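The values are calculated or read from the model by the stated rules, or taken from the named source; none is laboratory data. Computed from a prediction, not measured in an experiment: that's the story for all the values here. Note that each Cβ is placed from the backbone with ideal geometry, even for glycine, and that neighbours are counted across all protein chains shown.
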Amino acid sequence: MSETRPLGKKGEDLAVSLLKEKGYKIRERNFYTRWGEIDIVAEKGGCLHLVEVRTVTRGGLLDPREALGRKKQDHLWRAVQIYLKKTGWKGDYSVDFIAIEWDENRPRIHHFHQVLEGYWG
């Protein structure tokens, strides 16, 4: 198993806990498509939030926000479109990004909303 997989799962679990604390209802986790996965699908206030989570350890090669490059944005956009079509969701939605950096066993968490606003593939 890849060393990044346990860290990624730990980060996703933390992101779910954070979202629940903020009043989000978790609808689904790890929605897979041929373009990749949507880590978390949550709902709050009638808005669907499709969430990408990236977790890194402090001192790693990347800031977690750097992991959302153009190619990843393209794949995420396609996965979101597949999810919306499959579920028939017609309401408001936001593509969010949660960046987590582990620092001496304490995470630093940043939640960004509408990360693909204006992105049309």
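Run down Arg78, Arg70 and say which single residue is under 15 Å from Leu116 (Cβ atoms) and out of contact with any Phe, Trp or Tyr (no Cβ under 7 Å at 6 or more places or on another chain).
The conditions single out Arg70.
Filter region 90-119 for residues that are touching a helix residue (DSSP H, G or I) at 6+ places or on another chain (Cβ under 8 Å), over 21 Å from Asp13 (Cα atoms) and surrounded by fewer than 15 Cβ atoms within 10 Å (Cβ to Cβ) and give the result.
Tyr119
Of all residues in region 69-94, which are among the aliphatic types (A, V, I, L, M) and either at pLDDT below 95 or assigned to a loop (DSSP other than H, G, I, E, B) (or both)?
Start the filter on region 69-94 by keeping residues that are among the aliphatic types (A, V, I, L, M), which leaves 76, 79-80, 82, 84.
Scanning region 69-94 gives a single hit, Leu76.
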